[in-house]
Amino acid sequence: MQKNKKYLLTMLTFAFVIACIFFFQKDVKAAEKTGTVTFSIERFTIGQGYLIEPCQVDIYDTDNIASVVDRVLTQEGYGYENKGKIQDRFYLEQIYNGDTGKVRIPSIISDGQLQPIKNNAGDLIPIPTNAVNDGNDYGNESGHFALGEFAYCNMSGWMYTVNNVFPTGMSLVKPKDGDIIRLQFTLYGYGRDLGEKPADEEDNNYLKLPDRDAITKRLAVMLKYKASCDEHGYKQAYQKAYNAVIDWNTTEKKMKEVFSALPSEKEILQWGAEYNAKFAESVTKTINAIGTVDLSKESQIAEARKSYNALTSEQKELISADTLKVLTDAEKKIVSLKAEKKTQDEAKKKAEEAAKKKVQQEALKKKYTPSKTSIKSIKKLKKNQAKLTWKKVKNATGYEVYQSMKKNSGYKKVKTITKNKTVTYKAGKLKKKKTYYFKIRTYRKAGGTTYYGNYSNVKKMKVK
């Protein structure tokens, strides 16, 4: 029995380890792209248009709606506050800098199409108007004009739709390729002003709004390929559609009218592909025109890189790896050539400075080197001493006396005379029957440097 328990414990431990490895590997696996969604953040109920205009957003297998919202807000530079976590019970409380401070509540909300709602106490909650509303003190007090729950009304906050349906928590819903996700600010009625029908089937107190999903996606695709759409004459049609979408008072008839004036998605994608190919081809030619790389090509290479960096991600994908390698190799070559030139320039500069310094030193030497003196006499004194006398040199600071027992070598300095006027020296401790040789060198001090004149004539004296 004990043996069976040990075996069971071993197997359970093994299973636990395998499970940990499996889940760990699953967690660290790189997220895979699963498609693209249309995404926007709207403040139409307070007349402030888009916070983030319709755009195409890549989604991944690890995404839920909360992670998409987080990624887009972060990429666009918006901070936010929330409750819960992205993967669990995420609730978006407010978006920093999401409120312009100018409220223009659409008449469709404030002028009778919505009826006041009763609270739990049975009291009617008034519908906000431009003149009378709760304000947005929370955002203003925080200093970043946040837009979120309780702004301008105690029934306001952020809600979202996926393909015109209002789901519940953002953490619970995974986006799918082709979805249209619209994060919307509700001002009154917890979504009634956004067109959400209350749970009570008989409650018709909600706005009947024209469908904005299809036109939102079309605007996102047009915005992605804006330049090519403008080239084909759809700039005005885009603006009319844009204005109609952000105006909460737009009728269904008007919405259909502006939508029908837009090009089809197929046309837009075709124009976009042609536009991308044109720019990619232009950049390819620019890169291939670089040719043999030398320093004269530096600005040309920089312009090629600038042109490449200006491409969209789709356009960059049309640039072949070989072409891109031409650019990167050219950039590396330029870096190498510049380093080489810098070394050469520094060496040249150093040599020029050394030559200049040498010329300056030679000039100073010529200017400050004292004249040569000459020994006038050498006389024997008592006690094995000798007295040297030499000619005074006007431009010398002093004199150095050298002594040797050989005429042409072995001289050692035995005395430094620091006064110009002193032109004698007594040599002592001379040995009998030895011959001594003497010579004098002048010196001059100027600017912290000592300049030496030539040695004088040599005089000898034999000690008897």
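The values are calculated or read from the model by the stated rules, or taken from the named source; none is laboratory data. What you are looking at is a predicted structure, and each value in this text was computed from that prediction instead of being measured. Positions of Cβ are generated from backbone atoms using ideal geometry, with glycine treated the same way; all protein chains shown enter the neighbour counts. Accessible surface areas use protein heavy atoms only, side chains included; no ligands, DNA or RNA. Shrake-Rupley method; radii C 1.70, N 1.55, O 1.52, S 1.80 Å.
Rounded to 0.05, the FRET efficiency of the E267 and K226 pair, given R0 = 25 Å and the Cβ-Cβ distance, is 0.95. The Rg/Rh ratio for the stretch 348-433 is 1.17, where Rg is the radius of gyration of the alpha carbons and Rh is the Kirkwood radius. How large is log10 of I(q)/I(0) for the stretch 99-184 at q = 0.18, 0.22 Å⁻¹ when the intensity is taken from the Debye formula with one equal scatterer per alpha-carbon? Rounded to two decimals, the profile gives -0.99, -1.14. The stretch between K434 and K387 holds 15.3 nm of extra length on full extension. This uses 0.36 nm per residue minus the Cα-Cα distance.
Normalised by the number of residues in the stretch 197-271, the average gap of Cα pairs under 8 Å and 6 or more apart makes the relative contact order 37 percent. Couplings 3J(HN,Hα) of the stretch 235-242, computed from phi: 5, 5, 5, 4, 5, 5, 5, 4 Hz, in residue order, whole Hz [Karplus 6.51 cos²θ - 1.76 cosθ + 1.60, θ = phi - 60°; x for Gly and Pro].
With 0.36 nm allotted per residue and the present C-alpha distance subtracted, the K350-K394 stretch has 12.1 nm of extension available.
Calculated mean residue ellipticity, 222 nm, the chain: -12500 deg cm²/dmol, from DSSP H runs (n ≥ 4) at -39500 (n - 2.57) each, averaged per residue and rounded to 500.
Normalising by residue count, the stretch 184-329 has a Cα convex hull of 160 Å³ per residue.
Charge dipole of the chain (Cα centre as origin; +1 on each Lys and Arg Cβ, -1 on each Asp and Glu Cβ, all else neutral): 13400 debye, rounded to the nearest 20. For a Förster distance of 25 Å, can you work out the FRET efficiency between the beta-carbons of A310 and S260, rounded to the nearest 0.05? With a Förster radius of 25 Å, E is 0.15. Compared with the dominant Cα axis of the chain, that is its longest principal axis, helix 321-368 is turned about 30°. Note on D88 and Y452: the model spin-label points, each 7 Å out from Cα along the C-beta direction, lie 8.8 nm apart.
Cross-link check: pairs K224/K254; K217/K316; K325/K350; K174/K224; K356/K415; K392/K460 evaluated at a Cα-Cα cut-off of 26 Å; pairs beyond the cut-off: K325/K350; K356/K415. 3J(HN,Hα) along the stretch 225-232, derived from phi through the Karplus expression 6.51 cos²θ - 1.76 cosθ + 1.60 where θ = phi - 60°, amounts to 10, 4, 4, 6, 5, 4, 4, 8 Hz, with x in place of Gly and Pro. Across the chain, the volume of the C-alpha convex hull divided among the residues equals 463 Å³ per residue. Could you work out what % of the accessible surface of the stretch 152-201 is carbon and sulfur, using a 1.4 angstrom probe and leaving DNA, RNA and ligands out of the count? The computed percentage sits at 55. Counted residue by residue at 0.36 nm each, then reduced by the alpha carbon distance between them, the extension gain from K376 to V359 reaches 2.6 nm.
Each label was represented as a point 7 Å from its Cα along the Cα-to-Cβ direction; for T168 and E274 these points are 5.0 nm apart. When you count the other C-beta atoms within 10 angstrom of each residue and take the mean per peptide, 446-453, 155-162, 209-216, 301-308 line up highest first as 155-162, 209-216, 301-308, 446-453. A Förster radius of 25 Å, combined with the Cβ-Cβ distance separating T292 from D322, puts the computed FRET efficiency at roughly 0.90.
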